[in-house]
Amino acid sequence: MATDYAAIREAIVDGDADTAAALGRDVAETAENALEAVDTAATVIREVGDRFGAGEIYLPEMVLAAEAMQAFMDEVTPRLEAEAQRSGESRETAKVVIGTVKGDIHSIGKNIVATMLSASGYEIIDLGVNVVPMDAISEADRTGASIIGLSALMTTSMPYQKEVVSLLTELDRRNDYWVIVGGGPVTSDYADEIGSNGWAPDAAAAVQLCDRMMSSGTGPATAPFIGKEEE
Ligand code: B12
């Protein structure tokens, strides 16, 4: 059955969680490409955010839309996992500590990245949201992770991505972890500037990014930054 993108859009914009959940179930059961449906939902929720930013709607409306998006994602996530598993060739994998940085509670995008990485064979240690920089490093130490993934959705929280890189450098431990960053306002140039190892615009690209790092054969301290490919 063809995915009803217009209905997904309407349910999220209207903040109708029940309908969004039902549409999520439809996608999980019948869609040809679940990730494409998730990308559509992500575009819609960002548009809702733009309208909030422009003062056209109020916070409660953005909250309702986010809840509808979450209800949709709850239904689609198992299918997303199955899809990624099917397309996964054999690859070198590793442990990834992932979280949304301090001061920031946005979790939807981070969760999609975690789901896709996990389905692709990576072991995920999800620290949740509002993660203090040193905690990301301590958890990576504790779990023996190779990669630290940091999500930030607000310009005000982006500096905490930088702080993780700076802390590792100050501790003389920059070679211990690949640090990758992402999230709505985070650009490839910013990611390069703060000294992270890589950036990806979406969850599928995040998997490719980790794959490239794990097969690079070099250490994080000397590896060239991997971000937006030059056109
Ligand atoms: C949904 C949402 C919320 C929900 C969050 C629900 C949840 N559980 O996540 C709620 C309603 C709770 C919320 C709250 C707030 N929000 Co809000 N929110 C959004 C919104 C509309 C969408 C974010 C989203 O889910 N996008 C969809 C996902 C799929 O996309 P994504 O996160 O970018 O992730 C993808 C990629 O970026 C990438 N990626 C993401 N993380 C990572 C990590 C790595 C390592 C990699 C490689 C890749 C990667 O892959 C993902 C999948 O494709 C944005 C608008 C926007 N343009 O982003 C505003 C937005 C981020 N919020 C904003 C604001 C201001 C707030 C509040 C402060 C509002 C308030 N007055 O209370 C609070 C924040 C409180 C806090 N301390 O964090 C502003 C931020 C402005 C700024 N300063 O930069 C935005 C931009 C809206 C706006 N235009 O004003 N918000």
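Coordinate-derived values only; no laboratory data. All of these numbers come straight from a predicted model, not from anything done at the bench. A quick note on method: Cβ atoms are made from the backbone with ideal geometry, for glycine too, and the neighbour counts reach across all protein chains shown.
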Rounded to the nearest whole number, the per residue volume of the convex hull around the C-alpha atoms of the range 10-131 in Å³ is 100
One checks the Cα atoms of the chain and finds Rg and Dmax, in Å, of 17.7, 55
With the 8 Å Cα cutoff and a minimum separation of six or more residues, the range 115-231 has a relative contact order in percent of 24
The chain: relative contact order from alpha carbon pairs under 8 Å, six or more residues apart, as a whole percent, is 16
Once amide hydrogens are built 1.01 Å from N within the peptide plane, the residues lying 5 or more places from LYS95 or on another chain with amide H under 5 Å from its amide H are GLU123, SER146, ILE147
Taking the range 69-158, the whole-percent share of alpha-carbon pairs separated by over 17 angstrom is 51
Relative contact order as a percentage, the range 170-231, C-alpha pairs under 8 Å and 6+ apart, gives 39
Correct semi-axes for the range 95-214, from √(5λ) of the alpha-carbon gyration tensor and rounded to whole Å with the largest first, are 17, 16, 14
Residue-normalised 222 nm signal for the chain, counting each DSSP H run of n ≥ 4 as -39,500 (n - 2.57), nearest 500 deg cm²/dmol, is -17500 deg cm²/dmol
Burial-style ranking of 172-178, 205-211, 221-227, average other-beta-carbon count within 10 Å with highest first, yields 205-211, 172-178, 221-227
